[in-house]
Every structure is written in structure tokens, then in C-alpha cells.
Amino acid sequence: MFRIYLLSIFSLTGVLSQSSCPHGWLKNDNSCYLFVTHVDNDWTESEYFCHMIGSKLVEIETEKENNFLKNHARSEHQHAKSGFWIGGTDAVVEGEWIWITSQAKFSYDDWADDFPDDYEGNEDCAHLWSGVNYSWNDSNCDERMNFICEKPLDEILIIGRK
Ligand SMILES: *[C@@H]1O[C@H](CO)[C@@H](O)[C@H](O)[C@H]1NC(C)=O
Ligand SMILES: *[C@@H]1O[C@H](CO)[C@@H](O)[C@H](O)[C@H]1NC(C)=O
Ligand SMILES: [Ca+2]
Ligand SMILES: [Ca+2]
Ligand SMILES: [Ca+2]
């Protein structure tokens, strides 16, 4: 009896790891993305919103990630007035762009031609700009628009038979 019981435990050691995004989030590589299109927030509120739901205002490290986001932004075009806030800012040191959550300097960028221009000395927040097919523009951080949150993939552990 006892031996049979042990054997049945050992037959359950198969552990399967599967990654997925919460409902409504889009999966790409190791991240999940939420395009928030039902509210227009200024940049600070957008960042706060993302933090409140356990994520960050999106940080774009690669061309691949950027293309994924731009492609989806185009499909949301009807919602997006001027585009989508992303997590980049040069509010700390003018001209030095960093990602606000990680504090990392930009390793990649996709500024539209002639941007960033710090127009009227008062543009310190980055967004995907609908006016230039979602390349990046710097805007006044008080502007209100949609935004994109990013968080790592959730790990779901499934315990079952091998
Ligand atoms: C993009 O930047 C330009 C020039 O700095 C500014 O006039 C424009 O308002 C910005 N676009 C949006 C949608 O905020
Ligand atoms: C925007 O970029 C996409 C992908 O490169 C391209 O297919 C599309 O034609 C562009 N749209 C405009 C209006 O330039
Ligand atoms: Ca990222
Ligand atoms: Ca600036
Ligand atoms: Ca600008």
C-alpha cells in the first residue's frame, strides 16, 4: 500500500512551465502590452496608471519591439488622437533621454525626422506620434493621450504527469 502511494507521487513530478499574458494584454517576446485607449491621460498620470496595475509605461529597447508596437498602434488608429505615450523622458537633463522606470538611457530610438525638437523649450516626454506613422515625437508632458503599459510575461506553473 505505502509503496504504491509513493509511486503515484513520483509519477506526478512533470512540471510544465507556460507563459501567458492576462486577458486583454498582447504578447510579444517576453513582455505583455496593454494599449490603454479608453482614457486620455497626461504622461505622469499614464505612468501612474501603469504602475497601479503592476506594470510600467512601455520601454522600447529594440527595433523588433518598436515595430510590434507601431503595427498595433496603426490598428488602433481610430482611437488615438495624437498617439500613445511611452516611458521616455528628458525631464531630468534636457536632451538626455531615459526610460523612467528602469532609469536606463535609450539604447535604441525611432525619432521622427527632425525630432526631438524640445519645441518652445517645453517638450520632455516621448510618444508614438500618429502624425508620422507612429515614429517618436517629444511633446509637452501635460498633453493628454492614450498610452501603452508593459510588464513581463506571467509564469504559470502546471504540475502534471510527464
Ligand atoms: C510633436 O512635436 C511637434 C513639434 O515639437 C509639436 O508641435 C506637436 O504638437 C507634437 N505632436 C503631438 C501630437 O503632440
Ligand atoms: C506606415 O508604415 C507601414 C509599415 O512600414 C507601412 O506599411 C505604411 O504604408 C505606412 N503608412 C503610411 C501612411 O506611410
Ligand atoms: Ca520593453
Ligand atoms: Ca526636452
Ligand atoms: Ca516635438
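If Ser19 satisfies all but one of (1) part of a helix (DSSP H, G or I); (2) of a type in the set (Ser, Thr, Tyr); (3) at pLDDT below 90, what's the number of the condition it fails?
(1)
Kindly indicate whether any position in segment 66-83 is among the acidic types (Asp, Glu), touching a Cys at 6+ places or on another chain (Cβ under 8 Å) and touching a residue at least 24 places away in the same chain (Cβ under 8 Å).
No - not one qualifying residue is present in segment 66-83.
His79 - would you say it is under 16 Å from Tyr134 (Cα atoms) and either out of contact with any strand residue (DSSP E or B) (no Cβ under 9 Å at 6 or more places or on another chain) or modelled with pLDDT under 95 (or both)? First the steps, then the outcome.
On the way: under 16 Å from Tyr134 (Cα atoms): yes; either out of contact with any strand residue (DSSP E or B) (no Cβ under 9 Å at 6 or more places or on another chain) or modelled with pLDDT under 95 (or both): yes.
Yes, satisfied.
Run Ser11 past the list (1) farther than 22 Å from Met145 by Cβ; (2) at pLDDT 95 or above; (3) of a type in the set (Gly, Ala, Ser) and report the number of the one that doesn't hold.
The one condition Ser11 does not meet is (2).
For segment 49-94, which residues satisfy the criterion of being buried (at least 21 other Cβ atoms within 10 Å of the Cβ), more than 16 Å from ligand 5 (Cβ to nearest atom) and of a type in the set (Gly, Ala, Ser)?
Scanning segment 49-94 gives Ser55, Ala73, Ala80, Gly87.
Run Gly87 past the list (1) under 21 Å from His38 (Cα atoms); (2) of a type outside the set (A, V, I, L, M, F, W, C); (3) touching a Gly at 6+ places or on another chain (Cβ under 7 Å) and report the number of the one that doesn't hold.
Of everything listed in (1) under 21 Å from His38 (Cα atoms); (2) of a type outside the set (A, V, I, L, M, F, W, C); (3) touching a Gly at 6+ places or on another chain (Cβ under 7 Å), Gly87 misses just condition (3).
Are any of the residues in segment 45-57 within 15 Å of ligand 4 (Cβ to nearest atom), under 15 Å from Cys149 (Cβ atoms) and under 14 Å from the mean Cα position of the chain (by Cα)?
Looking through segment 45-57, none of the residues is within 15 Å of ligand 4 (Cβ to nearest atom), under 15 Å from Cys149 (Cβ atoms) and under 14 Å from the mean Cα position of the chain (by Cα).
Taking only segment 103-160 into account, find how many residues are more than 16 Å from ligand 2 (Cβ to nearest atom), touching a Phe, Trp or Tyr at 6+ places or on another chain (Cβ under 9 Å) and at pLDDT below 95.
Result for segment 103-160: 0.
Are there any pairs with C-beta distances below 8 angstrom linking a residue in segment 108-126 that is within 16 Å of ligand 3 (Cβ to nearest atom) to a residue that is among the hydroxyl-bearing types (Ser, Thr, Tyr), with the two at least 6 apart or on different chains, and if so which?
Pairs that qualify, where the first residue is within 16 Å of ligand 3 (Cβ to nearest atom) and the partner is among the hydroxyl-bearing types (Ser, Thr, Tyr), are Tyr108/Thr62; Asp110/Ser135; Ala126/Thr89; Ala126/Ser139.
The values are calculated or read from the model by the stated rules, or taken from the named source; none is laboratory data. Note that the coordinates shown come from a computational prediction; the quantities given were computed from them, not determined experimentally. Using ideal geometry, Cβ is built from the backbone for each residue, glycine included, and neighbour counts are taken over all protein chains shown.
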